[in-house]
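First comes the structure, then the notes that go with it.
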Amino acid sequence: LIDDQEVLTGVINLIYDKALDFPKFSKIYAELCKVIQSSDTVYRNYGANNFITRLAKKASTVFKTISSANIGSLADYTEEERKYLIKLRYLGNIEFICQLYKLK
């Protein structure tokens, strides 16, 4: 039961990060978002519209900040490996957004 804005934000962040980390499962994460959106018990106080709005805001923020994020900067990656990780993150983001769009 999602009964707090903080929990809702955490759920969105967790689903989104997992979808980007594992693009092969982005269809499953998109279906999970659809189930969460259509669930009546989850949104007693916030409404399904709030979930979609926050998910879209997260997608926009992630897409704009992927290249400036600290992807691979904490490990001993070369610049080439870091660029590859950023590219994978971009592709995961696009794949997840496409899967969400297909479900509408």
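The values are calculated or read from the model by the stated rules, or taken from the named source; none is laboratory data. Quick caveat, the model's predicted, so the values are computed rather than measured. Note: ideal-geometry Cβ built from the backbone for every residue, glycine included; neighbour counts use all protein chains shown. Just the protein is used for accessible areas: all its heavy atoms, side chains included, with ligands, DNA and RNA removed. Shrake-Rupley method; radii C 1.70, N 1.55, O 1.52, S 1.80 Å.
Just to be sure I understand, how many residues within segment 1-55 are aliphatic (A, V, I, L, M), open to solvent by less than 70 Å² (accessible area, probe 1.4 Å) and either at pLDDT below 75 or within 10 Å of the chain's Cα centre (by Cα) (or both)?
Qualifying residue count for the region: 10.
Do we find that residue 72 is in contact with a Pro (Cβ under 7 Å, 6 or more places away or on another chain) and either among the small types (Gly, Ala, Ser) or modelled with pLDDT under 85 (or both) in this structure?
Criteria not met by residue 72.
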